[in-house]
Amino acid sequence: MAKLQPVRGMRDFLSTDAKKLRYVEQIAKDVARLYGFEEVITPLLEHFDLLAAKSGEEIRARMYAFRDLGGRKVALRPEFTASIARLIVTTLRNKPKPLRLFSTGTLYRYDEPQFGRYREFWQSNFEVVGSSRPEADAEILSLTHHFMQKLGLRKYWFKIGHVGILRGILTDERIEEERQNRVMQLLDAKRWDEALSTVEQFGASKKSAMVLKAVFKAKGKDSSKVLAQIKKKLKNYDSSVAAVENLQQILELCEESNLKFNTLIEPGFARGLEYYTGMIFEQIAPEMEISIGGGGRYDKLAELFGGKSTPAVGVAHGLDRIVLAMDKQSTTPEFSKQVVAIIPISDDVIPRAMQLALQLRKEGIVVELEVMGRKVARALQDANRRKVTHAIIIGPKEIEKGKVTLRNMRNHQQQLLDIEKLFEALS
Ligand code: HAM
């Protein structure tokens, strides 16, 4: 006997859940349009090597990877950015920059299923390609903020850092990239002490360990204060200082352009994905303790894939988690709208009922035709249960005179109406 439940971590979306998800997706599309992003649709299945290149150990180990019948090692995409980078170095190689690329769809990670964590989940993904300027970073923050505002979400904040700060110290301490990645993974998992001892094991100086400790500790809402504080500690780590200054520029730009969102500056935070080279951020809803979005700058990915140097910055929003946040913050809209049930009293008037249904649908009215052959009372009971707003009852005698009965399901009032007056009565 076949198993009839969905595979663990996969979900069916029925009526309301599907509506909520599609609503959030539609708002993402509206935001994409407002910010000048073009949609690209990339395949769900990509070469494993492409997806694995810089996704980071955490995601790499959790990919749905397999060999197809042709023996190719492939995987279901765990994110969009690798596919976008593939496009940047191939088909879109010679397109004028910047490119603003937008996608929505499902992603797959073999994560442990729990609240807000699924093995198949949805993202809206935005990438600005070809600019290394801080205004490109600020645009990504701006559109993310705009998206949340449009959804009615008010309680969320941006946790913001810059990978250049930590990587700058580690590079100056001659710690090679692979080892840096291991440290970043520990930081992503918030294992600060282990990260520090690992850095020391890798031969970093005592002084650098002190500086790192200070960077990990420094966090706060006042960005200028936090960044000034760590800048002092970073003396002689020139590229880390440059990273702090870059972050300062981005945040000042947001402030000066009146972009107001809550921030928590956390210079010691890292993200699981390995391709980031600059500003990184996550967006957190207070009730959830999990990110509803995340992104950052990745200036080296195109080169890694054999293309020319192409700076880029982007973000992905977790649509499933946004739906959860909207439920928690009570911003989910009512999806109720006018639905009309057409109920023929007897079989001989079914063709007239279908004609009328077609006429009303042409006027944009949603019509559910009674297709179960039920008696009027039963059909009305069912219409009531399903929150249908109006019922049109078609009887053989009335229809002969060009009339039908219109029943308002909310106040139960009924009237016998000329068919010509129906549209007017319904609108
Ligand atoms: P990410 O942080 O791995 O970044 O994912 C972005 C968002 O996807 C998360 O903040 C979360 O809301 C949602 N998400 C991730 N895993 C799950 C899961 N198992 N279940 C439900 N939701 C999940 C990226 O994917 C990068 N590609 C973002 C990016 C674009 N960076 C630059 N450009």
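The values are calculated or read from the model by the stated rules, or taken from the named source; none is laboratory data. This one's a predicted model, so the numbers in the text were calculated from it and none came from an experiment. With ideal geometry, Cβ positions are generated from the backbone for all residues, glycine too; neighbour counts draw on all protein chains shown. The accessibility values were calculated without ligands, DNA or RNA, using every heavy atom of the protein model including side chains. Shrake-Rupley method; radii C 1.70, N 1.55, O 1.52, S 1.80 Å.
Observations
- Residues (at positive phi, within 12 Å of the ligand (Cβ to nearest atom) and either open to solvent by 30 Å² or more (accessible area, probe 1.4 Å) or aliphatic (A, V, I, L, M) (or both)) located in segment 112-159: none
- Residues in segment 189-202 that are of a type outside the set (Phe, Trp, Tyr), open to solvent by 50 Å² or more (accessible area, probe 1.4 Å) and closer than 22 Å to Lys159 by Cβ: 5 in all.
- Any pair with Cβ under 8 angstrom, 6 or more apart, that starts in segment 68-86 at a residue that is not assigned by TED's automatic domain parsing to the domain that holds His317 and ends at one that is within 16 Å of the ligand (Cβ to nearest atom) and not in a loop (DSSP other than H, G, I, E, B): none
- The combined condition, being within 16 Å of the ligand (Cβ to nearest atom) and closer than 22 Å to Ala138 by Cβ, is not fulfilled by Asp320.
- Screening Arg60 against (1) buried (at least 17 other Cβ atoms within 10 Å of the Cβ); (2) without any contact (Cβ under 8 Å) to a residue 12 or more places away in the chain; (3) over 22 Å from the mean Cα position of the chain (by Cα) leaves a single unmet condition, (3).
- Residue in segment 80-94 that is surrounded by the most Cβ atoms within 10 Å (Cβ to Cβ), counting only those that are more than 10 Å from the ligand (Cβ to nearest atom) and assigned to a loop (DSSP other than H, G, I, E, B): Leu92
- Filter result for Leu107 (open to solvent by 30 Å² or more (accessible area, probe 1.4 Å) and within 19 Å of Leu273 (Cα to Cα)): no
- Subset tally (residues that are open to solvent by 30 Å² or more (accessible area, probe 1.4 Å) and under 41 Å from the mean Cα position of the chain (by Cα)) for segment 335-353: 4
- Conditions (1) open to solvent by 20 Å² or more (accessible area, probe 1.4 Å); (2) within 10 Å of the ligand (Cβ to nearest atom); number of the one not met by Arg77: (1)
- Given (1) open to solvent by 40 Å² or more (accessible area, probe 1.4 Å); (2) in contact (Cβ under 8 Å) with a residue 12 or more places away in the chain, index of the condition Asn258 fails: (2)
- Residue match in segment 369-381 (condition: polar (S, T, N, Q) and within 17 Å of Ala357 (Cα to Cα)): no
- Residues satisfying the stated conditions in segment 1-57, i.e. surrounded by 11 or more Cβ atoms within 10 Å (Cβ to Cβ), over 28 Å from Glu274 (Cα atoms) and among the acidic types (Asp, Glu): Asp17, Asp30
Residue by residue, here is whether (1) under 30 Å from Phe423 (Cα atoms); (2) open to solvent by 20 Å² or more (accessible area, probe 1.4 Å); (3) of a type in the set (S, T, N, Q) holds:
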| site | (1), (2), (3) |
| --- | --- |
| Thr263 | no, yes, yes |
| Tyr298 | no, no, no |
| Lys328 | no, yes, no |
| Pro333 | yes, yes, no |
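- Filter pass, Arg62 being within 16 Å of the ligand (Cβ to nearest atom), out of contact with any strand residue (DSSP E or B) (no Cβ under 7 Å at 6 or more places or on another chain) and at pLDDT 95 or above: yes
- Of the residues examined, Gly307 is one that is away from the ligand (no atom under 16 Å from the Cβ), closer than 25 Å to Ala85 by Cα and open to solvent by less than 60 Å² (accessible area, probe 1.4 Å).
- Filtered residue count, segment 356-381, keeping only those that are surrounded by 16 or more Cβ atoms within 10 Å (Cβ to Cβ) and charged (D, E, K, R): 2
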